[in-house]
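In what follows, a single structure is set out as structure tokens and then discussed.
The values are calculated or read from the model by the stated rules, or taken from the named source; none is laboratory data. Since the structure is predicted, the reported quantities are computational estimates derived from the model, not experimental observations. Cβ: placed from backbone, ideal geometry, glycine included. Neighbour counts: every protein chain shown. SASA here: full protein model, heavy atoms, side chains in, ligands and nucleic acids out. Shrake-Rupley method; radii C 1.70, N 1.55, O 1.52, S 1.80 Å.
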Amino acid sequence: MLMPILQIHSEDMPAYAIVCGDPARAEKISRKLEDARELAFSREYRTFVGMYEGARLAVVSHGVGSPGAAVCFEELIRAGVTTLIRVGTAGSYTAEYPAGSVIVSTAAVRSDGLTRQLVPDGFPAVADIDVTSALVAAAREVGSGEVASEDEASTVNAHAPKVGTGITVTLDAFFTGVEDIPHRKYKQAGALAAEMEIAALYIVSTLRGARAGAIVAIDGFADSDLAAEYDPHTDAVAKAVEHEIEAALHALATLARQDQAQQ
């Protein structure tokens with residue numbers, strides 16, 4: 001069956017997928033797969049499939065913002081994907097996690113407009129516990145060098161990003177306008193970072209019976225008290241992005257093996 005927007009066929013899709021915003025990042029991630037091939041590039045949605053640690057995975061870009069990303073998540077699930085992990089970037093609310101850190105999102109504040117049109121206001125956007133556990137374990141293993149090759153291990157150990165877990169905030173606005181975004185309240189309530197798609201991923205996955213998780217690299221501060229000049233192109237951020245990609249790939253492969261063992 002053809003997915004009309006992603007322009008992919010369901011028979012080509014595996015059950016496991018990494019999703020990210022940038023089509024160029026999807027292509028970068030695909031280079032880590034064995035026998036990778038591109039299935040489609042339609043609008044902002046670029047799809048690759050390949051093998052990683054014996055598991056067949058997809059890598060798909062979803063663009064910026066919840067509405068367009070939700071289209072991607074919906075069609076992937078309709079095509080047979082049952083497990084999704086988002087990798088991306090986020091702005092931190094705390095000095096404990098500066099640029100170059102990595103956060104595994106356990107749940108998302110629904111401060112977007114899209115999910116309000118899908119579920120009632122009080123309905124939570126929560127990550128799947130098995131996917132989250134696999135992501136946390138993989139992120140720590142990548143940091144310890146257990147997942148790296150021998151020639152990479154010393155570098156990974158020496159420069160591993162700090163890994164945190166907690167609640168993230170999903171917003172629609174990237175740039176500010178005349179309305180105030182309550183960043184300070186989110187921070188006071190214990191949220192760790194803000195981004196633009198995770199709540200949509202969790203809600204769509206819950207509605208459609210899929211499981212999902214997310215891991216983000218911190219590329220600056222969302223909190224105005226901590227804000228500095230925004231520069232997502234530093235070496236520290238690049239290392240954090242590489243770290244989250246390795247963790248997500250390893251987590252998906254681990255989940256695939258666990259699922260196969262239970263069949």
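Quick one: count up the residues across the stretch 1-22 that are outside any strand (DSSP E or B) and under 21 Å from A247 (Cβ atoms).
4
Sort out which residues of the stretch 82-110 are surrounded by fewer than 21 Cβ atoms within 10 Å (Cβ to Cβ) and in a strand (DSSP E or B), and write them in order of number.
T106, A107, V109
Pick out, from the stretch 142-236, the helices (runs of 4 or more DSSP H) lying fully within it that include 1 or more residues that are at pLDDT 85 or above and open to solvent by 50 Å² or more (accessible area, probe 1.4 Å).
Numbers: elements: 150-159, 183-189, 198-208.
Here the list reads 183-189, 198-208.
Please verify whether C20 is within 19 Å of A251 (Cβ to Cβ), open to solvent by less than 10 Å² (accessible area, probe 1.4 Å) and touching a strand residue (DSSP E or B) at 6+ places or on another chain (Cβ under 9 Å), treating the condition exactly as stated.
When the stated conditions are applied, C20 passes them.
If I go through the stretch 44-58 residue by residue, how many of them are over 13 Å from A24 (Cα atoms) and without any contact (Cβ under 8 Å) to a residue 40 or more places away in the chain?
Qualifying residue count for the region: 3.
For residues in the stretch 111-128 being outside any loop (DSSP other than H, G, I, E, B) and small (G, A, S), which is farthest from V204 (Cα to Cα)?
S111
Give all pairs with beta carbons closer than 8 Å in which a residue from the stretch 107-125 that is over 15 Å from P67 (Cβ atoms) meets a residue that is assigned to a loop (DSSP other than H, G, I, E, B) and open to solvent by 30 Å² or more (accessible area, probe 1.4 Å); count only pairs at least 6 apart in sequence or on separate chains.
A107/P124
Taking the conditions exactly as written (of a type outside the set (G, A, S), surrounded by fewer than 24 Cβ atoms within 10 Å (Cβ to Cβ) and in a loop (DSSP other than H, G, I, E, B)), does K32 satisfy them or not?
yes
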